[in-house]
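Notes follow once the structure below has been shown.
The values are calculated or read from the model by the stated rules, or taken from the named source; none is laboratory data. Since we're looking at a predicted model, the values are computed, not measured. Positions of Cβ are generated from backbone atoms using ideal geometry, with glycine treated the same way; all protein chains shown enter the neighbour counts. Accessible surface is based on the protein model in full, side chains and every heavy atom, while ligands, DNA and RNA are left aside. Shrake-Rupley method; radii C 1.70, N 1.55, O 1.52, S 1.80 Å.
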Amino acid sequence: KPLESFELIKNYIMRNYETDETPDAALVKWNALSELLTNNKVLLKDFFEHYVSHKYKKNFDKKEKEKLTTYDYIVRNNNENEADILLDDLLLKSSYYVLFSIPSKMDMSQGEDSNTIFNSLSFFRGRAKKQFRPLFISLFDRFYCPSEEDAETKKKSYSQLADAMGFLEKFYFVYGVVTKSPTRPLERMVHESAYAISASESSKVDEAIENMFDKFSA
């Protein structure tokens with residue numbers, strides 16, 4: 001039986017993991033990632049597909065798209081001697097991804113902004129719209145900071161995340177619920193916005209967010 005893409009990714013990381021940590025460090029981290037997702041009823045296949053869509057520029061040419069797997073994107077975009085960096089990033093992003101499945105686990109310390117984010121995640125979860133999750137990963141990676149000690153920085157970050165999540169909820173309510181428009185055309189838009197936000201320098205993130213607002217509004 002052919003291995004799944006996430007199993008090939010595991011083999012790739014184990015084969016190339018080179019740090020000063022103990023030889024079992026990679027396996028310990030991978031098991032932590034796997035257990036976090038499976039214990040919270042998240043499919044590993046979904047997580048890795050959405051991670052790739054958020055992190056790497058995808059080709060939407062139909063023939064090319066059909067040929068490339070999640071594993072192919074990982075190998076194309078990572079150096080073998082940086083498998084430790086890849087694994088750490090996967091572990092971090094998996095902690096965000098769990099919140100999309102179980103919003104009640106998110107940090108609720110920021111009052112109205114936390115409530116807005118929670119309500120938006122609950123809205124998308126209830127309608128099983130996994131299609132938006134690559135974009136959610138990028139937004140949470142930029143703005144979700146439960147351990148941030150500086151109160152002003154945390155407040156500003158959560159406010160930006162709440163604005164973006166609230167916007168996407170309203171967009172989809174009109175587009176998908178009221179008008180029942182087809183969701184397939186959204187795949188490319190979601191990916192392009194997710195990748196732009198993920199790949200932007202810190203000084204350009206606000207511009208990427210505004211471009212997202214414009215693209216979906218249009």
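Key figures for this structure:
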read-out: Selected residue [closer than 16 Å to residue 197 by Cβ, in a helix (DSSP H, G or I), out of contact with any strand residue (DSSP E or B) (no Cβ under 9 Å at 6 or more places or on another chain) and not β-branched (Val, Ile, Thr)] from 114, 104, 138; value: 138
read-out: Selection status of residue 180, charged (D, E, K, R), part of a loop (DSSP other than H, G, I, E, B) and either over 15 Å from residue 60 (Cα atoms) or touching a residue at least 24 places away in the same chain (Cβ under 8 Å) (or both); value: yes
read-out: Test: residue in segment 61-74 that is open to solvent by 50 Å² or more (accessible area, probe 1.4 Å), free of Cβ contacts under 8 Å to residues at least 60 places away in the same chain and among the polar types (S, T, N, Q); value: no
read-out: Pick from segment 208-218, criterion small (Gly, Ala, Ser) and assigned to a helix (DSSP H, G or I), ranking: modelled with the highest pLDDT; value: 208
read-out: Flag if residue 211 is open to solvent by 50 Å² or more (accessible area, probe 1.4 Å) and closer than 20 Å to residue 58 by Cα; value: yes
read-out: Test: residue in segment 186-207 that is open to solvent by 20 Å² or more (accessible area, probe 1.4 Å), closer than 21 Å to residue 116 by Cα and either modelled with pLDDT of 95 or more or not in a helix (DSSP H, G or I) (or both); value: yes
read-out: Number of the exception - residue 42 against (1) closer than 24 Å to residue 149 by Cβ; (2) open to solvent by less than 20 Å² (accessible area, probe 1.4 Å); (3) not in a helix (DSSP H, G or I); value: (1)
read-out: Any hit, segment 58-67, residues being part of a helix (DSSP H, G or I), within 22 Å of residue 98 (Cα to Cα) and either under 21 Å from the mean Cα position of the chain (by Cα) or at pLDDT 95 or above (or both); value: no
read-out: Residues of segment 141-157 satisfying the condition of being in a helix (DSSP H, G or I), farther than 17 Å from residue 208 by Cα and in contact (Cβ under 8 Å) with a residue 24 or more places away in the chain; value: 154, 155
read-out: Any hit, segment 89-111, residues being without any contact (Cβ under 8 Å) to a residue 12 or more places away in the chain, out of contact with any His (no Cβ under 6 Å at 6 or more places or on another chain) and within 28 Å of residue 181 (Cα to Cα); value: no
read-out: Selection within segment 149-170 - touching a Ser or Thr at 6+ places or on another chain (Cβ under 7 Å) and open to solvent by 40 Å² or more (accessible area, probe 1.4 Å); value: 169
read-out: From 173, 118, 140, residue being open to solvent by less than 50 Å² (accessible area, probe 1.4 Å) and among the hydrophobic types (A, V, I, L, M, F, W, C); value: 140
